[in-house]
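Data block below; observations after.
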Amino acid sequence: MSGFLDNVRCGECECVDWGEKRNAIASIAAGVLFFTGWWIIIDAAVKYPDMDRFNHSYHACGVIATVAFLMINAVSNGQVRGESYSDGCLGQTGARVWLFIGFMLAFGSLIASMWILFGGYVVPRKEGRGVSGIAVFFQNAFIFFGGLVFKFGRIEDLWQ
């Protein structure tokens, strides 16, 4: 599951060796996506401080997405495959369950942010309230895609 993008090759540029810099580029891209997600929601919270235009309990979605980001990236691909870790409490099965719960939290927060967007802001059709719902959705989308880039964009061959 975790190595399905390893065989995908883009057009090779002979002027730059991306193999050595792949981990750095993936880490920077994931960090920028994560930062952008939180920046958007902080901006919305500052712009709309009253509870009528932006309910501050919607921050829970972003917190859950952040926990999912950490859970997904706490387990290496080698641990999921069973190559590098077999001891411990649950071994490979524990790593897979941990990763599965992390992905469930990530997808759940993304779906909940869509529900907040449509249920709280699009369907009632109140003027000037849609920006907050879009901010909640984009925060969770950026954190979700940042987690995916950080998980699947790096290679672990350089660590061993």
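Read-outs: derived from the displayed coordinates by stated rules, not from any lab. Keep in mind that what you see is a predicted model, and the values were worked out from it rather than measured. FYI the Cβ positions are ideal-geometry reconstructions off the backbone, even for glycines, and counts take in every protein chain you see.
Relative to the current alpha-carbon distance between residue 81 and residue 104, full extension at 0.36 nm per residue lengthens the span by 6.4 nm. So if we plug the beta-carbon distance of residue 59 and residue 22 into 1/(1 + (r/R0)^6) with R0 = 41 Å, what FRET efficiency do we get, rounded to 0.05? E between residue 59 and residue 22, to the nearest 0.05, is 0.75. Once the Cα-Cα distance is subtracted from the 0.36 nm per residue extended length, the residue 74 to residue 45 segment shows a gain of 7.5 nm.
In terms of the mean number of neighbouring beta-carbon atoms within 10 Å, the peptides 24-35, 104-115 order highest first as 104-115, 24-35. In plain terms, the bigger the Kirkwood radius, the slower the diffusion; for the range 23-152, with that radius from Cα pairs, at 20 °C and 1.002 mPa s, Stokes-Einstein puts D at 137 µm²/s.
Each residue of the range 25-39 was assigned a 3J(HN,Hα) from its phi angle through the Karplus curve 6.51 cos²θ - 1.76 cosθ + 1.60 (θ = phi - 60°); the sequence is 5, 5, 5, 5, 5, 5, x, 5, 5, 5, 4, 5, x, 6, 5 Hz, with glycine and proline shown as x. Charged neighbours of residue 150, selected by a Cβ distance under 14 Å, balance to +2 (K, R count +1; D, E count -1). The packing ranking of peptides 143-151, 92-100, highest mean first, is 143-151, 92-100, where packing means the average number of other beta carbon atoms within 10 angstrom of each residue.
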